[in-house]
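The values are calculated or read from the model by the stated rules, or taken from the named source; none is laboratory data. The structure presented is a predicted model; accordingly, all values stated were derived computationally and were not measured. FYI the Cβ positions are ideal-geometry reconstructions off the backbone, even for glycines, and counts take in every protein chain you see.
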Amino acid sequence: MWFLGLAASAGVVAIVEVDGDTTRLVRAVQVDSPGRAADWAPIPRNDPRIRSFLGADGGEAVRLERATFRVRLPDGAVPADLPRAVEAAQRLHNDAPPAERLDLLVLAEGYTEAERAAFEADADALLAGLLATSPFDRHGDLLNVWRAFGPSAESGASKDTRFEQVTRDTALSCTYGCGGADRIICCDDDAVLAAADASLPEADAIFVLVNDDEYGGAGSFTYSVSFTGPDWIPVAVHELGHVLGELYDEYDYGFDAGAYGVNCAPLPPFLPWDAWLDEPGMGAWPGCTYSNLFRPTDSGCRMRELDGPFCPVCREALVRALHAHLPPLLEAPATAAPGEAVTVGSYAGTTVEWSVDGEPFATGATATLPTCGAVTVTATVGSEWVRSDPDGVMSASQRWDLGPCPRACDTAPGPSWLAVLLLPLARRR
Ligand SMILES: [Zn+2]
């Protein structure tokens with residue numbers, strides 16, 4: 001049953017090993033033919049998909065050596081081995097169709113069957129922590145949250161740290177001490193992705209709750225992980241920033257790299273947050289995941305500290321991520337006739353503006369088109385939290401070409417030699 005979901009997503013899970021500047025494909029599971037590794041494109045060591053992590057003091061840095069993500073293949077994929085049974089996802093928050101929202105799936109790790117209620121309580125606490133944090137406190141209706149329980153044979157997680165060596169039989173094989181850092185928790189990536197495909201194929205973001213009191217976590221753009229011991233919620237919300245907004249850590253790992261993201265960037269001429277620089281406290285401070293990148297605020301962002309909100313730049317990225325999963329913003333006919341009254345559909349609260357050859361002529365859902373020119377209708381979601389929209393997720397347009405308009409000189413009496421002389425001058429202004 002679960003492999004139907006996997007096949008529907010037409011994905012394969014690739015495990016890569018990163019060593020220095022080289023990247024090697026270790027394993028590609030669920031490929032439709034074993035020799036398809038060529039479908040996999042190598043990634044550089046500094047690719048942002050390689051995991052980041054959060055140290056308790058915010059200062060510890062480590063380079064992780066494994067990264068995982070999906071490679072799309074043209075045909076359906078067939079599983080080689082089945083994961084432990086994971087149940088179909090249950091809705092935890094919101095009732096929108098999965099195709100119309102960002103869908104966050106919470107998975108269980110290290111909870112025995114007898115601890116099912118503890119998982120449910122932890123998932124509730126994660127949701128409450130998320131919805132208490134801006135921008136989710138205001139935009140909670142823009143995402144769905146689900147949980148899916150899969151029992152583990154043993155409680156807790158494995159440890160491969162300086163202080164403890166223990167192996168526990170758990171659903172997703174999560175282990176502390178990944179990459180040589182005690183606080184990083186790595187899971188069996190293909191088990192995590194298979195569990196997501198089995199329980200909610202539409203999941204856009206995955207979060208693994210680890211039933212262990214020991215401080216630890218990890219975040220990536222594919223899935224994030226958190227412990228569930230004392231004061232875990234602030235850590236989990238930070239890790240959610242990675243997987244929901246593709247946010248970088250705003251502290252310094254201690255080495256340089258060539259990659260950058262929405263909240264960590266090289267110095268100008270390119271800063272993704274140029275539009276925010278006139279706000280108090282906004283600027284460019286050195287050290288943002290990589291030593292050669294800069295962060296938008298000196299301090300106070302959740303991607304740097306555990307007691308702050310998301311900074312305006314991170315909040316903006318999260319709002320855009322939520323909108324990117326909504327249904328199309330504008331429903332407009334493919335064709336329209338000159339002089340026709342046209343009505344378009346859009347969300348409540350959006351601004352709809354009409355223009356012809358760049359000149360505005362109407363607002364609102366319905367407009368009577370002019371008899372000629374290039375007409376454009378644009379629907380825009382206003383947000384005080386979004387100042388730049390490079391992927392155009394906050395607006396949508398439809399254009400109709402109604403044909404050229406006769407020029408004034410074509411209908412007026414023949415131009416005098418003076419008018420002929422003046423026209424080019426007038427155009428220069
Ligand atoms: Zn930030």
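Hey, any hits in region 276-284 for a residue that's assigned to a strand (DSSP E or B), within 11 Å of the ligand (Cβ to nearest atom) and under 22 Å from T133 (Cβ atoms)?
The answer is yes; a qualifying residue exists.
Test D160 against the criterion of being among the acidic types (D, E), within 17 Å of G216 (Cβ to Cβ) and at pLDDT below 95, and give yes or no. Answer is yes for this residue. For region 105-113, the count of residues that are touching a residue at least 12 places away in the same chain (Cβ under 8 Å), on the phi > 0 side of the Ramachandran plot and assigned by TED's automatic domain parsing to the domain that holds P230 is nonzero. Annotation: of all residues in region 285-323 being over 30 Å from T368 (Cα atoms) and away from the ligand (no atom under 16 Å from the Cβ), the one that is modelled with the highest pLDDT is L322.
Tallying residues that are part of a loop (DSSP other than H, G, I, E, B), of a type in the set (S, T, N, Q) and more than 19 Å from G382 (Cα to Cα) within region 326-367 yields 1.
Of all the criteria given as (1) modelled with pLDDT under 95; (2) away from the ligand (no atom under 14 Å from the Cβ); (3) not in a strand (DSSP E or B), the one not satisfied by P370 is (1).
Is it true that G300 is more than 28 Å from R101 (Cα to Cα), in contact with a strand residue (DSSP E or B) (Cβ under 9 Å, 6 or more places away or on another chain) and surrounded by fewer than 23 Cβ atoms within 10 Å (Cβ to Cβ)? Here the answer is no, as G300 does not meet what is asked. Taking (1) at pLDDT 95 or above; (2) within 30 Å of N144 (Cβ to Cβ) in turn, L329 satisfies each apart from (1).
Screening F221, F207, F227 for residues that are surrounded by fewer than 23 Cβ atoms within 10 Å (Cβ to Cβ) and touching a helix residue (DSSP H, G or I) at 6+ places or on another chain (Cβ under 8 Å) leaves exactly one candidate, F221. Residue check: A317 meets all listed conditions (1) assigned to a loop (DSSP other than H, G, I, E, B); (2) buried (at least 17 other Cβ atoms within 10 Å of the Cβ) but one, namely (1).
Only residues that are within 27 Å of H323 (Cα to Cα), acidic (D, E) and either at pLDDT 95 or above or surrounded by 20 or more Cβ atoms within 10 Å (Cβ to Cβ) (or both) were counted in region 163-203, giving 1. Being surrounded by fewer than 17 Cβ atoms within 10 Å (Cβ to Cβ), in the same structural domain as D189 (by TED's automatic domain parsing), modelled with pLDDT of 95 or more and part of a loop (DSSP other than H, G, I, E, B) is the requirement here; does D124 meet it? It is false that D124 is surrounded by fewer than 17 Cβ atoms within 10 Å (Cβ to Cβ), in the same structural domain as D189 (by TED's automatic domain parsing), modelled with pLDDT of 95 or more and part of a loop (DSSP other than H, G, I, E, B).
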